[in-house]
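Input: a single structure, listed below in structure tokens.
Nothing in this text is a laboratory measurement; each read-out follows from the coordinates by a stated rule. These numbers come from a predicted model, not from an experiment. All Cβ positions, even for glycine, are placed from backbone atoms using ideal geometry, and neighbour counts span all protein chains on display.
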Amino acid sequence: MAVEIRSIPTLYGEDAERFLKAADIAEKNEHKQDISETVLLVKKFLREQGF
């Protein structure tokens, strides 16, 4: 059975400004974690399991 493709909502006005401000703050966050090694481990595990 096919799943309906839903449209992505578009933000306008204050909601858009609030989202962009939060995105800028998150991007500049100096305390974010580097999870690239974890991603590689998960990909390797999934390959070994046949996914």
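Highest mean first, the peptides 31-39, 18-26 sorted by other C-beta atoms within 10 Å per residue fall in the order 18-26, 31-39. One compactness figure for the chain is 1.85, namely its Cα radius of gyration divided by 2.2 N^0.38 Å. Only DSSP H runs of four or more residues enter the estimate; each adds -39500 (n - 2.57), and after division by the residues of the chain the mean residue ellipticity at 222 nm equals -19500 deg cm²/dmol. The label point for residue 39 and the one for residue 2, both projected 7 Å from the Cα toward the Cβ, are 3.2 nm apart. Net charge of the neighbourhood of residue 11, taken over other residues with C-beta under 13 Å away and scored Lys/Arg +1, Asp/Glu -1, is -1.
Each label was represented as a point 7 Å from its Cα along the Cα-to-Cβ direction; for residue 11 and residue 51 these points are 2.9 nm apart.
Relative to the longest principal axis of the Cα atoms of the chain, the long axis of helix 36-49 lies at roughly 50 degrees.
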